[in-house]
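Worksheet for the structure shown next.
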Amino acid sequence: MKAIAAALDPPVTTSDDFGIPPTAREALAIAVLGVLCADGIPITLPQVTGCSEPAPLAGRWCLPASGGMPAVGASEQNR
């Protein structure tokens, strides 16, 4: 980290600096992607994937028979 910080002009920070321990980073990232998808927001960017437009939303939220947790911000057709 020190070598990277020394080679770069902007300050180098870690997720710890923002209150996110390294052991929680992946789980947090997956949770954010899940909420974006549930809200109908594309989780791909044409600038990153090279596609001419964001990939269509696909998949389905499968909740337990007991009803489970509601899909956050999802429209009725996405539930």
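What follows draws every value from the coordinates through simple rules; no lab data is involved. Note that the structure is a prediction, hence the values are computed from the model and not measured. Cβ placement follows ideal geometry from the backbone for every residue including glycine, while neighbour counts extend to all protein chains displayed.
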- Task: Search the stretch 14-35 for residues that are farther than 25 Å from Ile4 by Cα and pair each with any residue that is aliphatic (A, V, I, L, M) when their beta-carbon atoms are under 8 Å apart and the residues are at least 6 apart or on different chains.
- Result: Leu33/Ile43; Val35/Val72
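Going through the stretch 19-58 one residue at a time, which ones are charged (D, E, K, R) and surrounded by 12 or more Cβ atoms within 10 Å (Cβ to Cβ)? Walk me through it before giving the result.
As a first pass, look at the stretch 19-58 and keep what is charged (D, E, K, R): 25-26, 39, 53.
Matches in the stretch 19-58: Arg25, Asp39.
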- Item | Which numbered condition Asp16 misses (of (1) loosely packed, with under 10 Cβ neighbours inside 10 Å; (2) among the acidic types (Asp, Glu); (3) farther than 30 Å from Cys62 by Cα) | (1)
- Message: Considering only residues that are assigned to a loop (DSSP other than H, G, I, E, B) and either over 16 Å from the mean Cα position of the chain (by Cα) or β-branched (Val, Ile, Thr) (or both), which ones fall in the stretch 10-47?
- Response: Pro10, Pro11, Val12, Thr13, Thr14, Gly19, Ile20, Pro21, Ile41, Ile43, Thr44
